[in-house]
Amino acid sequence: MRILLLSAYDADSHIYWRKGLVAHLPEHQWTVLTLPGRYFSWRMRGNSMSWAFSEYETLSQPYDLVIATSMTDLSALRGFVPSLANTPTLVYFHENQFAYPSSGKEFKSVEPCILNLYTALAADYCLFNSEYNRRTLLEGARALLGKLPDHVPAGLLERLEKRSAVMPVPLSEGSFLPHRPETTQFTMTWNHRWEYDKNPQLLLDSMALLCDAGVAFKLHVVGQQFRKVPKQFDALHTLLAERRGHWGYMQSRSAYQQLLQQSDVVLSTALHDYQGIAVLEGAAAGALPVVPDRLAYTELFPERCRYSEEKEAEALALFLTELIGHKASEGRLDGVDVTHLSWTVMADHYRRIIQQVASGERID
């Protein structure tokens, strides 16, 4: 089968997914087009024009299926490149703009949400990396459509519900490693983008409570950084002092994985996570995920991994204090099995859905 794979905003998690997809379904002939994961507003609005007028020959080749990420402006691209209009299309939603938390600083526009909706409606079928992602898009679209003044077609959301399903981003086989926690201290890793939607204020507040209580621990703070780093990270750097472990993005994949293997806990404070690959990779290396009781985490991890949203900093600090005491008495923490999310297990699920969409089969 000839498949055109379009990643319109090729951020790290999108790269992780598309490379895994191509590597684990080698029986297909893949053509891959990507655009860099930067300049969000321009990329979101301009990707169809960028591709249509610079990659027209590639886009016009005969394909059996198009797989596009949700950032792709699929309705416009199919208009610019008529041959794509009749090609079966599967859209993968890593995220949706309806549920993305506001920083209070950005220009508020409904356009990203409208583009998500148009792309979903232009596809033959949509996959979401979590039920949380799927549900929040449908809820957000319902609220938006309810505000529009007139000529809103009936049945749009029912169409999307019938033509969508959940298919998580699988974990690479190299993520599954033996757990080798440090024996002399309690070690945590926070491994997320250094941005407001990962809630660094909650991280700072909870760590301050632990430090004030005199609790012994080490915290590694790793993850991708950008030009503007939230001020909470400077305060956290100072606060942690001798409790501070590795600080900053780790270029070496093997060193990063070794850090996860040595950690007792992989920690999230996120306001926004549609799946949470960073936490899942920590869990695959044996660390116990400690996550908020919301977002996609309620689907992924049992209750024993989730701290309360009520007085969240206090709840997280108490949770971690209890885990530190448990390790001191028992010697280690029990992790969570995430092998069901490996490519070994998931590849056939992807294979089946791709075949069904390409052949026009009914998907139940």
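The values are calculated or read from the model by the stated rules, or taken from the named source; none is laboratory data. Keep in mind it's a predicted model, so treat the numbers as computed, not measured. Here the Cβ is made from the backbone with ideal geometry for all residues, glycine too, and neighbour counts use every protein chain on show. Side chains included, ligands, DNA and RNA excluded: accessible areas come from the protein's heavy atoms. Shrake-Rupley method; radii C 1.70, N 1.55, O 1.52, S 1.80 Å.
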Rounded to the nearest 10 degrees, the helix 312-330 long axis (Cα) sits at an angle to the longest Cα principal axis of the chain of 60
In nm, the gap between the two label points placed 7 Å beyond Cα toward Cβ at residue 330 and residue 114 is 5.3
The chain: relative contact order from alpha carbon pairs under 8 Å, six or more residues apart, as a whole percent, is 16
From the Cα centre of segment 56-134 to that of segment 172-192, the distance in Å is 35
Out of 79, 286, 214, a Gaussian network model of the chain with alpha-carbon springs under 10 Å gives the largest mean-square fluctuation to 214
Kirkwood radius from Cα pairs of segment 238-364 plugged into Stokes-Einstein at 20 °C, 1.002 mPa s, gives D in µm²/s equal to 127
One would report the antiparallel percent of DSSP beta bridges in the chain, rounded to the nearest 5, as 0
Dividing the helical contributions, -39500 (n - 2.57) per DSSP H run of n ≥ 4, by the residues of the chain yields a 222 nm value, nearest 500 deg cm²/dmol, of -12500 deg cm²/dmol
In this structure, among 19/218; 19/311; 19/228, pairs with alpha-carbon gaps over 31 Å are 19/218; 19/311
Residue by residue through segment 192-203, the couplings from Karplus 6.51 cos²θ - 1.76 cosθ + 1.60 with θ = phi - 60°, in Hz, x for Gly and Pro, are 10, 4, 7, 9, 4, 6, 9, 6, x, 5, 5, 4
1/(1 + (r/R0)^6) with r = Cβ-Cβ of residue 303 and residue 42, R0 = 51 Å, i.e. FRET efficiency to nearest 0.05, evaluates to 0.75
At 10 °C and 1.306 mPa s, the Stokes-Einstein diffusion coefficient in µm²/s for segment 108-259, with hydrodynamic radius from the Kirkwood sum on alpha carbon pairs, is 82
Looks like segment 218-261, by Cα gyration tensor root eigenvalues a ≥ b ≥ c and the a/c under 1.5 rounded cutoff (else prolate when a/b is bigger than b/c, oblate otherwise), is oblate
Taking 0.36 nm per residue of separation between residue 172 and residue 135 and subtracting their Cα-Cα distance, the length gained on full extension comes to 10.7 nm
Within the set 174, 20, 146, GNM on the chain using Cα springs under 10 Å gives the largest fluctuation to 146
In this structure, the FRET efficiency calculated for residue 224 and residue 152 from their beta-carbon separation, with R0 = 35 Å, to the nearest 0.05, is 0.35
Quick P(r) readout (segment 1-141; Cα-Cα; 10 Å bins; whole %) gives 11, 44, 35, 8, 1
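Could you do me a favour and compute the accessible area per residue for the chain, 1.4 Å probe, result in Å²?
Numbers: 16730 Å² over 364 residues.
Dividing the accessible area of the chain by its residue count gives 46 Å².
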Taking 50-59, 349-358, 268-277 and ranking on average Cβ neighbours within 10 Å, highest first, one gets 268-277, 349-358, 50-59
In order over segment 125-136: 3J(HN,Hα) from phi, Karplus 6.51/-1.76/1.60, θ = phi - 60°, whole Hz, x for each Gly or Pro, gives 7, 10, 10, 10, 6, 7, 5, 4, 4, 4, 5, 5
Rounded to a whole %, the carbon-and-sulfur portion of the accessible area of segment 212-364 at a 1.4 Å probe is 48
Residues whose built amide H sits under 5 Å from the amide H of residue 288, excluding neighbours closer than 5 in sequence, are 265, 266
Here the averaged projected area of segment 164-239, based on the convex hull of its alpha-carbon atoms and given in nm², is 8.1
extent check for segment 1-80: Cα max minus min per principal axis, descending, whole Å, gives 35, 28, 18
Computed ³J(HN,Hα) along segment 270-280: with the Karplus parameters 6.51/-1.76/1.60, θ = phi - 60°, integer Hz and x for glycine or proline, the list is 5, 8, 8, 7, 8, 8, x, 4, 4, 5, 4
If amide H atoms are modeled at 1.01 Å from N in the peptide plane, then the residues at a separation of 5 or more from residue 128, or on another chain, having amide H under 5 Å from its own are 93, 165, 166, 167
Residues of segment 301-315 with backbone N under 12 Å of the label point set 7 Å from the Cα of residue 321 along Cα→Cβ are 314-315
Here FRET efficiency (C-beta to C-beta, residue 246 to residue 348, R₀ 30 Å, nearest 0.05) is 0.20
Which of (i) 19.5, 64; (ii) 23.5, 76; (iii) 21.6, 66 is the computed Rg and Dmax of the Cα atoms in Å? It is (iii)
To the nearest 20 debye, the chain has a Cα-centred charge dipole, built from +1 on Lys and Arg Cβ and -1 on Asp and Glu Cβ, of 700
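Over segment 156-271, what is the mean sequence separation of C-alpha contacts under 8 Å (at least six apart), divided by residue count, expressed as relative contact order in percent? Please list the in-between numbers first.
Values: 144 pairs, mean separation 45.0, N = 116.
Worked out over segment 156-271, it gives 39 percent.
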